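Remarks on the structure that follows.
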Amino acid sequence: MASFERAAERMKAAFKPAYHLLYQDEVDVEQKGDEGLQHLGKKQRPSPYKMVISFLAFVAWSVVVFDAGTWYPDEESCAVQSSTWSPAQTIIRYSPQTITGSFYRKSPFRGAGDDVDQAWDDLWMLGGVPVRVEESKLGELQKDPGRNWTRIPESMGGGIAGYPEVFHQLHCLNVLRMATYPDHYANNTFFVDHPPHVVRGHLDHCVEILRMQLQCSAEMTPILTEEGLPGHEFPTPDFNVVHVCKNFDDLKEWTRSHILHGAGNWDIPGHGH
């Protein structure tokens with residue numbers, strides 16, 4: 001055993017001093033006697049090499065756990081990142097939805113007529129009354145608190161009158177829909193009660209609003225095309241695309257439960273229908 005120990009000492013000496021602390025020579029010494037085999041010497045401390053490995057493993061695991069929370073944020077965090085502040089921010093939920101864009105698909109929102117008008121009214125008309133925006137939130141909306149914003153009477157709790165933007169956008173889309181059926185809507189109050197230049201300005205306003213909103217959302221989900229369909233000479237786009245959408249029904253219900261009834265007609269001027 002003495003020759004083995006000398007060989008071990010020579011091996012240790014061969015390593016550079018910088019690596020010496022990472023090297024631990026563990027030698028079992030055999031001793032014969034009444035007690036049989038025993039280990040000599042005091043119990044050794046854990047190997048520095050093993051301590052370094054354990055520390056690095058702990059750091060790596062901590063990074064994984066931290067990054068998991070960063071890579072998979074909750075829905076409220078997604079809402080904060082994808083839009084400016086809203087009083088409905090905490091109830092926003094996301095889910096996959098198929099946007100069905102087939103050319104001749106039947107829909108309650110297509111065409112003209114009383115049933116179609118009612119479907120659109122149910123979609124966006126919530127009574128022409130506002131929801132409350134706390135004055136302290138104006139900064140998060142990038143709005144100057146010094147401006148003369150429409151205020152809610154103190155008898156109703158005060159605050160600033162606000163309108164969830166999606167309902168204005170749906171109103172604009174509905175006005176554009178009606179404008180594409182001029183014969184049917186020739187006697188509609190929107191087209192009758194305003195001079196032609198006001199109607200034209202309103203329609204152009206709606207086109208511009210929706211253009212900017214589409215560019216803002218900038219949906220990049222690819223539309224695929226299909227070849228060889230009967231009656232189609234060229235590849236046919238498949239406009240049925242799955243998106244991850246906010247739950248609109250939740251947002252509509254939230255708005256219904258937060259509108260301030262009894263405040264009169266607070267509709268946006270010039271935005272009747």
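Since every read-out is calculated from the coordinates, none of them should be taken as a lab result. Keep in mind that this is a model prediction, so the values were computed, not measured. Note that each Cβ is placed from the backbone with ideal geometry, even for glycine, and that neighbours are counted across all protein chains shown.
Things to note:
- Chain lengthening between Ala218 and Val52 when straightened (0.36 nm per residue, less Cα-Cα): 54.9 nm
- The calculated FRET efficiency for Asn148 paired with Asn187, based on their beta-carbon distance and R0 = 35 Å, is about 0.40.
- Calculated on the alpha-carbon coordinates, the convex hull of region 92-258 measures out at 186 cubic angstrom per residue.
- Approximate shape of region 143-205 as ellipsoid semi-axes (Cα gyration tensor, √5λ), whole Å, largest first: 32, 13, 12
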